[in-house]
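Okay, so here's the structure we're looking at.
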Amino acid sequence: MALFLSDEWFEKMQAKLSAVELPMDLFESSGESLEEHEPVVVQHLIKDVPSGGATLEYSIRIHRGGTDIQRGRAKDPDLWITTSYGVALALAKGEIDPYQALLEGFIKLRGNLAVLTKVSIVIAEVLHRLLEMED
């Protein structure tokens, strides 16, 4: 089992995402063409990571060809998601509901929320696939 957010975890995550093509109807069901927003880049900031208490950053880039995950800060992300390591780990394990965590302030969102609204079905599908990842 890969340690959450370790190099091995990122490698497994990228392999998992690379192996799955998102159905094209996901892009169309957002009610508007995704072309004007493509790729959609979601930047994640995970605070209080146990190895040194630092903030770890990674981005997920969603496009018609698939989804990529990359460590570090992306250029011009559409959306920023900030949370603590403990909350991120609980989310990854499916122990807490992401909507409840957002409502209770454990997850902070900022950026182009209009893009989030327009492509939320696509983002939800990608996040669902991330949570499904088997070690």
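Within the stretch 12-36, can you find the residues that are at pLDDT 65 or above, not in a loop (DSSP other than H, G, I, E, B) and not hydrophobic (A, V, I, L, M, F, W, C)?
Lys12, Gln14, Lys16, Ser18
Which of the following residues is of a type outside the set (Phe, Trp, Tyr), under 14 Å from Phe4 (Cβ atoms), modelled with pLDDT under 90 and surrounded by fewer than 16 Cβ atoms within 10 Å (Cβ to Cβ): Leu102, Leu131?
Leu131
Looking only at the stretch 71-88, filter to residues that are in contact (Cβ under 8 Å) with a residue 24 or more places away in the chain and either of a type in the set (Gly, Ala, Ser) or under 14 Å from Met13 (Cβ atoms) (or both); which one of those is surrounded by the fewest Cβ atoms within 10 Å (Cβ to Cβ)?
Filtering first and then ranking leaves Arg71.
Among (1) acidic (Asp, Glu); (2) within 14 Å of the chain's Cα centre (by Cα); (3) at pLDDT below 70, there is one condition Glu57 misses while meeting the rest; what is its number?
Looking at each condition in turn, Glu57 falls short on (3).
Confirm whether Lys93 is modelled with pLDDT of 90 or more, under 25 Å from Ser6 (Cα atoms) and within 16 Å of the chain's Cα centre (by Cα).
no
The values are calculated or read from the model by the stated rules, or taken from the named source; none is laboratory data. In this text the structure is predicted, and so the values were computed from the model without any measurement. Every residue, glycine as well, gets a Cβ built from its backbone with ideal geometry; the counts of neighbours run over all protein chains shown.
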